[in-house]
Amino acid sequence: MRLISLLSTLLSSNYTIAASIGELKGSQLISWLNYQNMDSNSKQSPPSCGYDYSKLDLNRVTAVEGLNKSQCGACLKVTNPTSNNEVYVLVIDMGGKGLDLSESSYTKLFNTTDQPLRAEWETVDNSFCDGILKY
């Protein structure tokens, strides 16, 4: 009986941890930000995740609506549902509705800078985002 109670507690706590970390997945209108050409004052203030902008490939980053700190550094596969173009971006900041992709990733995804446009995204293995954060 005690073993069953212990197993139940362990399973519950694992579920709670997984739920609190939360997988990033969605489908809605997204927009872009020009991270590459931020003014020097903005670059001195780190994004919500605390990364140093100078150590990031700013062509492949995104901000996420409702971000919690445990989601920082997640790698997202973002897909254009019309063309099936896809990009892989690193989560670095909290943003507006949906995602705020870097302008170059947005342009690669949609072949335009018109915004907002619909995209789908999901968390993938971080190996897809190798090289975005330079140590």
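The values are calculated or read from the model by the stated rules, or taken from the named source; none is laboratory data. Predicted model, so just to flag it, every value in this text is computed and none were measured. Positions of Cβ are generated from backbone atoms using ideal geometry, with glycine treated the same way; all protein chains shown enter the neighbour counts.
Residues Ser127, Ser105: which one is loosely packed, with under 13 Cβ neighbours inside 10 Å, hydroxyl-bearing (Ser, Thr, Tyr) and out of contact with any helix residue (DSSP H, G or I) (no Cβ under 9 Å at 6 or more places or on another chain)?
Ser127
Cβ-Cβ distance below 7 Å, separation of 6 or more or different chains: which pairs start in the range 41-58 with a residue that is under 19 Å from Ser104 (Cα atoms) and end on one that is among the β-branched types (Val, Ile, Thr) and surrounded by 12 or more Cβ atoms within 10 Å (Cβ to Cβ)?
If the second residue must be among the β-branched types (Val, Ile, Thr) and surrounded by 12 or more Cβ atoms within 10 Å (Cβ to Cβ), the pairs left are Pro47/Ile92; Leu56/Ile92; Leu56/Ile132; Asp57/Ile132.
Suppose the filter is in contact with a strand residue (DSSP E or B) (Cβ under 8 Å, 6 or more places away or on another chain) and not basic (Lys, Arg); does Pro46 pass it?
On the way: in contact with a strand residue (DSSP E or B) (Cβ under 8 Å, 6 or more places away or on another chain): no; not basic (Lys, Arg): yes.
Against the criterion (in contact with a strand residue (DSSP E or B) (Cβ under 8 Å, 6 or more places away or on another chain) and not basic (Lys, Arg)), Pro46 does not qualify.
Would you confirm, using the coordinates I've provided, whether Leu67 is over 16 Å from Trp121 (Cβ atoms) and outside any helix (DSSP H, G or I)?
For Leu67, the condition - over 16 Å from Trp121 (Cβ atoms) and outside any helix (DSSP H, G or I) - is not met.
Of all residues in the range 102-135, how many are outside any loop (DSSP other than H, G, I, E, B) and at pLDDT below 95?
Number of matching residues: 0.
Does the range 52-62 hold any residues that are at pLDDT 95 or above and in a loop (DSSP other than H, G, I, E, B), and which are they?
Result: Asp57, Leu58, Asn59, Arg60.
Regarding Ser5, is this residue at pLDDT 80 or above and either more than 12 Å from the chain's Cα centre (by Cα) or not aromatic (Phe, Trp, Tyr) (or both)? Give the derivation first.
On the way: at pLDDT 80 or above: no; either more than 12 Å from the chain's Cα centre (by Cα) or not aromatic (Phe, Trp, Tyr) (or both): yes.
No, not satisfied.
Which members of the range 53-82 meet the condition of being exposed (fewer than 12 other Cβ atoms within 10 Å of the Cβ) and within 18 Å of Leu133 (Cα to Cα)?
Of everything in the range 53-82, those that are exposed (fewer than 12 other Cβ atoms within 10 Å of the Cβ) and within 18 Å of Leu133 (Cα to Cα) turn out to be Ser54, Lys55, Lys69, Ser70.
Being at positive phi and modelled with pLDDT of 95 or more is the filter here; which residues of the range 63-101 pass it?
Within the range 63-101, Gly73, Asn84 qualify.
Whether any residue in the range 38-45 is more than 25 Å from Pro116 (Cα to Cα) and part of a loop (DSSP other than H, G, I, E, B) is what I want to check. Working first, answer last.
Initial filter on the range 38-45 (more than 25 Å from Pro116 (Cα to Cα)): 40-41, 44-45.
This time we only want the ones that are part of a loop (DSSP other than H, G, I, E, B), so: 45.
The answer is yes, given that some residue of the range 38-45 is more than 25 Å from Pro116 (Cα to Cα) and part of a loop (DSSP other than H, G, I, E, B).
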